[in-house]
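Step one of this worksheet: look at the structure below.
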Amino acid sequence: MDTMRDRFAPVLTQILDEDPRVAVVLAEIGAAPFAGAARRHPERVINVGIREQLLVGAGAGLALAGMRPVMHTFASFLVERPFEQVKLDFGHQGVGGVLVSAGASYDVSSGGFTHMAPGDVALLDTLDGWRVHVPGHPDEAEVLLRHAVGVGGDVVSASRVYVRLSVQSNREALPVDGERFLSVREGRQGVVVAVGPMLDNVLAATEGLDVSVLYATTIRPFDDAGLRRAVDASGSADVVIVEPYLAGTSTRAANDALADVPHRVLGLGVGRRELRRYGSVEEHVAGHGLDARTLRERISGFLPSRDSSAAAPGSSAAAPGASSATPGSSAAAPLSSAAAPA
């Protein structure tokens, strides 16, 4: 199966061919797959070199000129390094654009912490008006990318969208719409929200537990109504949110959605503690307690489940690195394999 990033360039190239208002801005990373598009549309495929602040600034300039810019590089270089430009050039100026990242929280683990961005969604959460898509499969990434770019309308005042691509993927795609959470499983002892590529592990972790499972690929705006419906149907306002980035990023949103209902929220995700042995993606998943077995232990310990003893099939144990309610409050175990510093 191809990856989300494999799907990105062909899909965006087709959009560039179809819509003369769409432009892509790159900073060396990911430029090669756009070589053909650059020959056909040299004025709309722009590589600024290793200048990430300029990447965002140039995109905002294109938006001011009436274009729909798509900016792409690794998440740490797209959201964290040029954050001031994201805040001012897009937010303060009130223009729209699409940020499409690769690398996610630790996809490029061999590159070290410079190439990791578990805090990207939380950082964008400090700004107003950003829609955030976190696909869990390449097919979903294509749907959400097209949704993010959009066609027609006033592209200068169009929405600001972040699309977070990852090499982590669920086995099957679901029919996502860029708006609402999907109900995947119904139960009576609580609600578990699985974000993007966390769905397969969450389904394995909750196998045999009497819980509802929601699937979220558009995490901002938060689907308040979808969570409320699931809580009402479940009869329990105990909620677990499993996210592939900083633990607790969406607990505030869930709390706001349930403000008038007595409830509890547990946020699981990437811990704040840096895992200094770079390791593999799978080792990071286990080190942060996002493997199926550890998720089952954390979820069963929080929810009043009737079956909290059985281990999830096909999973391996790891020390938990997730938090309750507040992001990254518990430490993660160090990874087992080392790599040379980047």
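The values are calculated or read from the model by the stated rules, or taken from the named source; none is laboratory data. What you are looking at is a predicted structure, and each value in this text was computed from that prediction instead of being measured. For neighbour counting, all protein chains shown are included, and Cβ atoms are generated from backbone atoms with ideal geometry for every residue, glycine included. For accessibility, only protein heavy atoms count, side chains too; no ligands or nucleic acids. Shrake-Rupley method; radii C 1.70, N 1.55, O 1.52, S 1.80 Å.
Over the C-alpha atoms of region 27-109, the Rg to Rh ratio, Rh being the Kirkwood estimate, stands at 0.97.
Relative contact order for the chain: 15 percent, from Cα pairs under 8 Å spaced at least 6 residues apart, divided by residue count. Taking the accessible area of the chain, probe 1.4 Å, and keeping the other protein chains in place, the carbon and sulfur fraction comes to 52%.
Accessible surface calculations at 1.4 Å, restricted to protein heavy atoms, place the chain at 39 Å² per residue.
Just 200, 120, 291 to compare: in a GNM of the chain, with alpha carbon springs under 10 Å, which one fluctuates most? Evaluated over the chain, the most mobile residue of the options is 200. Rounded to the nearest 10 degrees, the inclination of helix 4-18 to the longest alpha-carbon principal axis of the chain is 40 degrees. Computed from point charges on the beta carbon alone (+1 for Lys and Arg, -1 for Asp and Glu), the dipole magnitude for the chain about its Cα centre is near 440 Debye. Once the Cα atoms are used to define both axes, helix 138-149 deviates from the longest principal axis of the chain by about 50 degrees. Ratio of Rg to Rh for the chain: 0.97 [Cα atoms; Kirkwood radius as inverse mean 1/r over pairs]. The heavy atoms of residue 184 present about 60 square angstrom of accessible area, all protein chains included, probe 1.4 Å. Length available on full extension from residue 167 to residue 35: 0.36 nm per residue minus the Cα-Cα distance, which gives 45.3 nm. Counting Lys and Arg as +1 and Asp and Glu as -1 over every other residue whose Cβ lies under 15 Å from the Cβ of residue 41, the net charge comes to +1. Each semi-axis of the equivalent ellipsoid for region 102-141 is √(5λ) with λ an eigenvalue of the Cα gyration tensor; in descending order they amount to 20, 17, 5 Å.
Of 186, 243, 52, the residue with the greatest mean-square motion in the GNM of the chain, using alpha carbon springs below 10 Å, is 186.
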